[in-house]
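The values are calculated or read from the model by the stated rules, or taken from the named source; none is laboratory data. For clarity, every value in this text was computed on a predicted model and none was experimentally measured. So basically every Cβ, Gly included, is an ideal-geometry build from the backbone, and we count neighbours across all protein chains shown. The area values use the complete protein model at the heavy-atom level, side chains included, leaving out ligands, DNA and RNA. Shrake-Rupley method; radii C 1.70, N 1.55, O 1.52, S 1.80 Å.
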Amino acid sequence: MTQSGTGAAAMAVCKYIVLVLFAVMLIAGASGVRQSDAAFDDVRSAVVTAARFEAVQEGDGQMLRRLYGLDPSAYEDFTLYYPATNMGAEELLLVKLTDMSQRDEVLAAIESRLKTQITTFEGYGPDQVAMLEAAAVEDGGNYILFVSSAQADTARRAFSDAL
Amino acid sequence: MSFSTIPFVFLFLPVSLLLYVITPRRAKPLLLLVLSLLFYAWGDAGHLPALVASILFNYFGVLEIDRWFRSGYDGRARTALYTTVGANVLFLCFYKYFAGTMPLGVSFFTFSALSYVFDVYYDTAPAEPNIIRAALYMAFFPKLISGPIVQYGDFFDQLEAFQLTKSDLFAGTELFLIGLFKKVLLADRLGAAFAAVQAMGGGMAAGTAWLGMIFYSLQLYFDFSGYSDMAIGLSRMLGFHFDKNFDYPYRSLNVSEFWRRWHISLGAWFRTYVYIPLGGNRCGSGRQLFNLAAVWLLTGIWHGSTLNFVFWGLYHGLFVALERFVIRDRFDGVPRALRSLATCLVVFVGWVFFFSGSLGGAFGYIGEMLGGDGMGFWNGATSYLFRTNFLLLAAAVVGSGPVVHTLRENIVARYPTRAMTISVAIFAVLLIFSIAGMVNATYSTFLYFQF
């Protein structure tokens, strides 16, 4: 084999070393990618019970679109509770993703909703602002949770346990 | 990290330009590479190893191919091509269809890498032995996240110059600002209008649905062409010249022309590396149809894995095939305005498959456009949407054509000195509005980042 041929073989070896190292990294990292096979109803029940809402009403797909700009048909399942009155800040959104690529858009929608709510109550609703600023936004892999409640921390723990 | 954010415009960009100016020419490639990797890490640090792995793998793969050819082992070079390309395709498929999350811009930097591999194999351009320069081609930050997909053969000779000139800096800055205005002042507001239509959910008048489709179609154009302008403008500031990626696509007279004006670099990539190697037009009708089907199927899949994207790709392929084999020049006598409107109708309806989460959702929306919700064509909500977004729509329709550019060119030609002053003033006002938009906006990502 000529010198170029030896060099080509060396490049091939380097190429496959990179490939193997990358594959090893992927496999090692795969254990960190979290996807829960918990039933949606179980997760919902756990977080709604833990949140102990005082004044909310359940929302449908139309309300999901209106409040978050999300298409309900794109997700496997969702539960939405929103304030029963204009002075309320209690809210819950639980989404089970169909595809992990939806994660970023759901999180962005929640962030936008949270910002809108805080802006709405700023200046005249300090209790509501405090509740919203302490809201829980949890990324459970294929489950995303947003809960604004006096018991947000409890709901967060219930969510983790349910997954 | 996005170009249309305060941290990028007022921190990353000026610091990068300053460093680029003061860095000795020999060290400029390394500086640009470091900046590119930092830029990527700022937006998606978790997937930086994937980008680095792709760069290294393709660097060694291309050198392997090159050295097999030099030593006369053509068969081994071909094998190296298959393994290198195959691994890239598997890498892309893994992240798009199986992994939980996708590296930012994975479709773009993988297609750049494939261009490098193919161009060296087909001897369009030489292999780059310097790892910094090779990596810079694949990771160059202006084009890394969302294109344009610059083919290696069009880029490699620019890896020598690294010259910064005043004319490039000014021209690049102007183009960058135009892109910024398109994104912040038009695309984001059209996106808000579209979100208002989406929030209505099921139960809208047909006219509302049509408005939603128009809002989205214009948003997508200004969003993507705006980003492309910013990317090409940034590159120009750094002394790199890239071809435009959009050429007023909504004035096209047919779908085939549309694809010569929309996302030009992607169309060129598929033409160079898929359509022509398959035989292109240089074969019988049956084979040509097969070649077209392959390209449009891949185009759809490139954009997304769900059926609605596959359908969208084949939908466009069908019209291209109809124009080539059935319609031909039959409509050449029809007024251009009508042909352009008809093309826009076909393209805009196609975008319904783009924004719908599913094939069923897309057909459902089209049903709403045809009055399927039983709420008539025009109601109070439609009037409200149209009235509150009329100026925005008018600006978007005018801005999507060459009128503004032509008008500006004519004024500059007639009153060069005064035109410069007016230009600077207009740009300054638009920049202030854009900054306000960036500060105030809920950050809305570039639509094409998802690819």
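For residue A:91, the conditions (1) crowded, with 21+ Cβ neighbours inside 10 Å; (2) in contact with a helix residue (DSSP H, G or I) (Cβ under 7 Å, 6 or more places away or on another chain); (3) in contact (Cβ under 8 Å) with a residue 24 or more places away in the chain all hold with the exception of (2).
What residue, among those in region B:333-360 that are within 25 Å of the chain's Cα centre (by Cα) and within 14 Å of chain A (Cβ to nearest Cβ), is surrounded by the most Cβ atoms within 10 Å (Cβ to Cβ)? Steps first, answer last, please.
We begin by selecting, within region B:333-360, every residue within 25 Å of the chain's Cα centre (by Cα); these are B:339-359.
Now restrict to residues that are within 14 Å of chain A (Cβ to nearest Cβ): B:352-359.
Working: B:352: 23, B:353: 27, B:354: 16, B:355: 20, B:356: 21, B:357: 18, B:358: 16, B:359: 16.
The qualifying residue surrounded by the most Cβ atoms within 10 Å (Cβ to Cβ) is B:353.
Considering (1) more than 12 Å from every other protein chain (Cβ to nearest Cβ); (2) part of a loop (DSSP other than H, G, I, E, B); (3) closer than 14 Å to residue A:72 by Cα, the lone condition that residue A:98 does not fulfil carries the number (1). Within this structure, residue B:304 fails the test of being closer than 19 Å to residue B:351 by Cα and touching a Leu at 6+ places or on another chain (Cβ under 8 Å).
Listed conditions (1) polar (S, T, N, Q); (2) away from every other protein chain (no Cβ under 14 Å); (3) more than 16 Å from residue B:242 (Cβ to Cβ) are all met by residue B:146, apart from (3).
For region B:240-256, give me each residue that is within 17 Å of residue B:153 (Cα to Cα) and open to solvent by less than 20 Å² (accessible area, probe 1.4 Å). Don't jump to the end; show me each part of the working.
At the first step, the residues of region B:240-256 found to be within 17 Å of residue B:153 (Cα to Cα) are B:240-245.
Answer for region B:240-256, where residues must be within 17 Å of residue B:153 (Cα to Cα) and open to solvent by less than 20 Å² (accessible area, probe 1.4 Å): B:240, B:245.
Per the conditions (1) more than 25 Å from residue B:341 (Cβ to Cβ); (2) in a helix (DSSP H, G or I); (3) at pLDDT 90 or above, the sole criterion not satisfied by residue B:219 is (1).
Filtering B:377, B:427, B:386 for residues that are open to solvent by 70 Å² or more (accessible area, probe 1.4 Å), over 30 Å from residue A:102 (Cβ atoms), part of a helix (DSSP H, G or I) and in contact (Cβ under 8 Å) with a residue 60 or more places away in the chain leaves a single hit, B:386.
For region B:288-302, enumerate the residues that are under 23 Å from residue B:220 (Cβ atoms) and either of a type in the set (A, V, I, L, M) or surrounded by fewer than 22 Cβ atoms within 10 Å (Cβ to Cβ) (or both). Those that are under 23 Å from residue B:220 (Cβ atoms) and either of a type in the set (A, V, I, L, M) or surrounded by fewer than 22 Cβ atoms within 10 Å (Cβ to Cβ) (or both): B:295, B:297, B:298, B:301, B:302. Pairs meeting the criteria (first residue in region A:112-125 and under 19 Å from residue A:65 (Cβ atoms) and within 14 Å of another protein chain (Cβ to nearest Cβ), second residue modelled with pLDDT of 85 or more and assigned to a helix (DSSP H, G or I), beta carbons under 7 Å, at least 6 apart or on different chains) are A:113/A:67; A:113/A:68; A:114/A:132; A:117/A:132. Scan region B:231-260 and report the pairs whose first residue is within 26 Å of residue B:174 (Cβ to Cβ) and whose second residue is among the acidic types (Asp, Glu) and surrounded by 17 or more Cβ atoms within 10 Å (Cβ to Cβ), with Cβ atoms within less than 6 Å and a gap of 6+ or a chain change. Close Cβ pairs (under 6 Å, with a partner that is among the acidic types (Asp, Glu) and surrounded by 17 or more Cβ atoms within 10 Å (Cβ to Cβ)) amount to B:236/B:168; B:239/B:168. Scanning region A:131-155 for residues that are charged (D, E, K, R) and either within 14 Å of another protein chain (Cβ to nearest Cβ) or closer than 14 Å to residue A:53 by Cα (or both) turns up A:139, A:153.
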